[in-house]
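Notes follow once the structure below has been shown.
The values are calculated or read from the model by the stated rules, or taken from the named source; none is laboratory data. If you're wondering where the values come from, they're calculated on a predicted model, not measured in any experiment. Neighbour counts run over all protein chains shown; Cβ positions are idealised from the backbone, glycine included. Surface accessibility is based on the protein's heavy atoms, side chains included, excluding ligands, DNA and RNA. Shrake-Rupley method; radii C 1.70, N 1.55, O 1.52, S 1.80 Å.
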Amino acid sequence: MHRYVALLRGINVGGARRIPMKELRGLFGELGLEDVTSYVASGNLVFRAAEAPAAATLQTAIGARFGHADVPVVVLTAEAFRSVADANPYADAEPSRAHVGFLGGSPAIGAREALAALPRGDEELTLGAAALYLHAPSGMARTKLTSAALERCLGVPVTLRNLRTVRALYERCAR
């Protein structure tokens, strides 16, 4: 059995797309995933499985159960998750001001140029092989570098997690 991380984008934010974590963990269990745990209510799950479930399979099951067919899901092995976390160039920043954007696929051709053209204030942005790293010293409430803007540039789903969440999931991956 291997350990995996599933990250759902845009659930339980501002009262939209409500999914109770207990029910989501139950759904993952029904799909044959084991030792399912969640961290906070924003769609962060760690589980064990013989092989990685397809993100599309999880998205379809979530849509069928909770009525939210448009919830992007990113699935990573624990090793890939830790590798992405370890590559963060902003790891020393204040945890609520630095984020990792986990990518739901390979960035589109021209993604780096499109990202470079985005308007930004004091934010720093670095595109890695499997993730996007964002440092927003003035906070996420002020940045124009939203998931939607980033997705338009990258051509793939992006789900952002702050360093506090990344570190908590990192620890869960090691168990």
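Considering only protein heavy atoms, what per residue accessible area in square angstrom results for the chain with a 1.4 angstrom probe? Before the final figure, lay out each step's value.
On the way: 8390 Å² over 175 residues.
Accessible surface, normalised per residue, equals 48 Å².
Sticking with the crude label model, points 7 Å out along Cα→Cβ, report the distance from A148 to R175 in nm, one decimal please.
3.6
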